[in-house]
Amino acid sequence: SFYYHRKKSLRNKSNPELEERRDELEEQMNLTRLHLIQEKRLNVEQRAKLSLVNAITPLIDRMIHEIKMLDKCSGADKDNRINYICELTNHINSQNEILTHWIQLRKGELSLHIESFPLQELFDIIQKNRRSFSLKGIELRIEPTDVYVKADKVLTLFMLNTLADNARKFTAKGGTVSIETLSTDSYVEISVVDNGIGMSDEQVEHVFDRKAIIDGSSTSHGFGLLNCMGIINKYRKI
């Protein structure tokens, strides 16, 4: 350290302006290196998010195939296919939980990848999971839309999946879950609406403090809603 500073001071005496310019260039190079490292890290994170979501699509396609085959089989074969559909559903839920844990770990460091895309693309993905609603005797209604939005595509899908799944859990047989949009000049409002049991005033008061909400066989620990709130708060900051 002493040698470095001594050497630098000697150089400065010979040509102070040149050495000052050299130091400025070194600072700029260091900042550029830091930016490149950060961009690479963000790129890896974005690819990880996309890979989690893309891994779900083949599972949904398999479920659709098995559901179509149910009408053509009976007995043990039908039971096996139903069990396989349940396994696929559990696998999809586990993938969703991985994304949930990732968001929980990131917390305030969450980065948004903003892009323009047709909202209907996300609605089509959610529509593929309508069988999980019909198996419970619930109708899933999704209002078609032709609007384009500017948002993080992966995290928007995560929020829609979370809200729709919560609605499914707490809606009784014969109920309806609807996904609707309201378009204005400056924003698009997406609503997930159900005619389920709703929440008491006490549950609403504690909905974001990780207090479990229990109704018969359905339990929600609020992590999904917490993550949704975290994503929305991040949007508000930018």
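The values are calculated or read from the model by the stated rules, or taken from the named source; none is laboratory data. Here the structure is a predicted model, which is why all the values come from computation and not from measurement. All Cβ positions, even for glycine, are placed from backbone atoms using ideal geometry, and neighbour counts span all protein chains on display. Just so you know, the surface numbers come from the protein's heavy atoms only, side chains and all, with ligands and any DNA or RNA stripped out. Shrake-Rupley method; radii C 1.70, N 1.55, O 1.52, S 1.80 Å.
General remarks:
- Surface per residue (accessible, 1.4 Å probe) for region 109-186, Å²: 50
- Count Lys and Arg as plus one, Asp and Glu as minus one, and take only other residues whose Cβ is under 10 Å from that of S116; the net charge is then +1.
- When L112, L25, L70 are compared by accessible area at a 1.4 angstrom probe, the order from most to least is L25, L112, L70.
- Residue pairs, from the table K72/K136; K78/K136; K153/K237; K136/K237; K128/K153, whose Cα atoms sit over 29 Å apart: K136/K237
- Carbon and sulfur %, accessible surface of region 117-208 computed with the full protein complex present, 1.4 Å: 49
- For the set S178, S200, the ranking by accessible area, highest first and with no ligand, DNA or RNA atoms included, is S200, S178 under a 1.4 Å probe.
- More than 14 Å apart - percent of Cα-Cα pairs taken over region 143-204: 65
- Here D146 sits with roughly 130 square angstrom of accessible surface, probe radius 1.4 Å.
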